[in-house]
Amino acid sequence: MTQTPRVRNIKGPEPAGWKESLFPPIMLTRRNVIRAAAGAGIVAAIAGTVGVINSCSRDDGEGTPTVVDNTKADYVIDPQSNESNYSSVDLELKEESSWTIDLGNVLHPGEGTWIPVTTAGSSAAPMVKGSALSTEDGSLSEVVKEPLADDKNNVVIYDVRCSDSAYAWIELNVLTHDWVLYASSFGDGKLSGTPMTLWSAGSDYSPAPFAVTGSKVIWQVMPALSGTKTSEKSVCYVWSLGDSNAKAVVESPGRFACGPEVSGGTVTLVPRVNADKGTYYGITAYNLSDDLATQVDRLVLPVGVKPLTAVRIGDEFAFSIEASYASGGLLGTMGTYIGHGEGPFVALSREPAAGVAGKDGLYVVRVSSSYFVVNTKDRNYSNLVAANRCISYGEFPARSGECSDFVTFATVKAQDTGYPESVTVRRFSFPS
């Protein structure tokens, strides 16, 4: 698990020992594949253990759990009285554009002009295509029209990510659960180079959570929750366009809690730390420019507390806890938190539903079917209401972490029939 993976051209031979084995068999229909793609970041975010390849786990303060009480909370809305501690203002985000695209398109978080999209096929073959949506004009381009696998039977495009210069996707065999991570250079809505195989595995390993930023692909190889590899370590890898090898950069004794999140020159991972003392997760930011060789900051959660999402925006961690734990103090309580060190932490005590996006002290937090837009500098908040007629399905963000604009998408019902009709994409600007 700690060896440097060999990256190969898909036309070349399969290296010996390349195949490993993913998660136990499940029943997947065409509809379930679309649903799985929509929640891939959440489905893969399930628990783990840590050692850091580039710096190793140390007991020098970096592994000290952050256990604080409610006096460290700067509540946006008091959870006891339900009264606002922040003033309510008009929406600070301005809607710049809105587009309607076909039903069956699912957007995924992207950093640039092009947003990665999984698109339902018009027939059973292919079930899913890899696409990209332009935030300049709302045009949707099919990027990977069918799987690259030699035997395309039962193979779907499971997940996609892209930047403005690189595109990566996972192909999954829905029967055997073998999967392959591919990547290629990308531009103007289409692949501009020969796709490369970055990793291949089978049912003892979960499909890799991954991110694409600039010319880099970052992914996590993690054992499935059941199977023959459950005691294996997890490893995060980095690969850049044009490289013949990927780098193994961060190791976890079990599964990472969340997928990698890129934001403002950092990559946030959540491996396990203090493995000899219990189940502790360390929200850790690494420097992107040196391929995660430098640790920027770390916040260790109380024992047993596992975050749903975590990212670093500016100098603060923005992370969400999806359940309330019997112990752990403030950070063991359901909600979204913004802060670092020993706090204080801006706290929004609402059930989280996606990762946090933001810029310059303004944070967009999805809760239930709408968003809170929290201004921590001016201590106010506003609400971004979901698109009309999408309440049953909800509206989801297509941005995460530090971003220059905010993009959402929602499946919208027809007004006359109440059935799903199309997908609405909205782009908002932050105040200058």
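Comparing Asp378, Asp150, Asp69 in a Gaussian network model of the chain, where Cα atoms under 10 Å apart are tied by springs, the biggest mean-square fluctuation is seen for Asp150. Derived scalar couplings between HN and Hα for the range 419-432 equal 8, x, 10, 6, 10, 9, 10, 10, 10, 10, 9, 7, x, 7 Hz in order, rounded to whole Hz, by the Karplus curve 6.51 cos²θ - 1.76 cosθ + 1.60 (θ = phi - 60°), x for Gly and Pro.
Counting protein heavy atoms only, the chain has 47 percent of its accessible area on carbon and sulfur, 1.4 angstrom probe. The stretch between Asn245 and Glu342 holds 31.0 nm of extra length on full extension. This uses 0.36 nm per residue minus the Cα-Cα distance.
For Ala166, nonlocal amide neighbours, meaning residues 5 or more places apart or on other chains whose placed amide H falls under 5 Å from its own, are Phe186. For the listed residue pairs Lys277/Lys306; Lys129/Lys152; Lys190/Lys247; Lys216/Lys247; Lys129/Lys190, the alpha carbons are over 18 angstrom apart in Lys190/Lys247. Loop exposure criterion: GluC sites (Glu not before Pro), DSSP state outside H, G, I, E and B, at most 10 other Cβ atoms within 10 Å. Applied to the chain, the longest stretch between such sites is 137-432. Taking amide H as placed 1.01 Å from N in the peptide plane, Glu92 has no amide H partner under 5 Å among residues 5 or more places away or on another chain. Solvent-accessible area of Cys403, all protein chains in place: 20 Å² (probe radius 1.4 Å, heavy atoms, ligands and nucleic acids excluded). A 1.4 Å probe, protein heavy atoms only, puts the accessible area of Arg389 near 80 Å².
Based on protein heavy atoms only, the range 253-343 ends up with 29 Å² per residue of surface accessible to a 1.4 Å probe. Once C-alpha pairs closer than 8 Å and six or more residues apart are averaged by separation and normalised to the residue number of the range 256-347, the relative contact order reads 21 percent. This structure gives mean projected area of the Cα convex hull in nm², computed directly, and of (i) 25.6; (ii) 23.4; (iii) 20.3 that value is listed as (iii). Taking the square roots of 5 times each eigenvalue of the Cα gyration tensor of the range 364-410, largest first, gives ellipsoid semi-axes of 20, 13, 7 Å.
Between the C-alpha center of the range 240-294 and that of the range 400-432 there is a gap of 30 Å. If you take all other residues with their beta carbon under 11 Å from the beta carbon of Gly332, and give Lys and Arg +1 and Asp and Glu -1, the sum is 0.
Using the Karplus relation 6.51 cos²θ - 1.76 cosθ + 1.60 with θ = phi - 60°, the per-residue 3J(HN,Hα) values for the range 169-184 come to 8, 10, 9, 10, 7, 6, 9, 8, 6, 5, 9, 9, 9, 10, 8, 7 Hz, with x marking Gly and Pro. Dividing the mean sequence gap of close Cα pairs (under 8 Å, 6+ apart) by how many residues the chain holds gives a relative contact order of 19 percent. Around the amide H of Glu421, modelled in the peptide plane, lie the amide H atoms of Val412, Lys413, Ala414, all under 5 Å away and 5 or more residues distant in sequence or on another chain.
Taking all Cα pairs closer than 8 Å and separated by 6 or more residues, the relative contact order of the range 356-432 comes to 23 percent. Phi angles across the range 368-380 convert, under the Karplus curve 6.51 cos²θ - 1.76 cosθ + 1.60 with θ = phi - 60°, into 3J(HN,Hα) values of 6, 9, 9, 10, 9, 10, 9, 9, 6, 6, 9, 6, 9 Hz, Gly and Pro given as x.
The values are calculated or read from the model by the stated rules, or taken from the named source; none is laboratory data. Nothing here was measured: the structure is a model prediction, and the numbers come from that model. We place every Cβ from the backbone using ideal geometry, glycine too, and count neighbours over all the protein chains shown. Just so you know, the surface numbers come from the protein's heavy atoms only, side chains and all, with ligands and any DNA or RNA stripped out. Shrake-Rupley method; radii C 1.70, N 1.55, O 1.52, S 1.80 Å.
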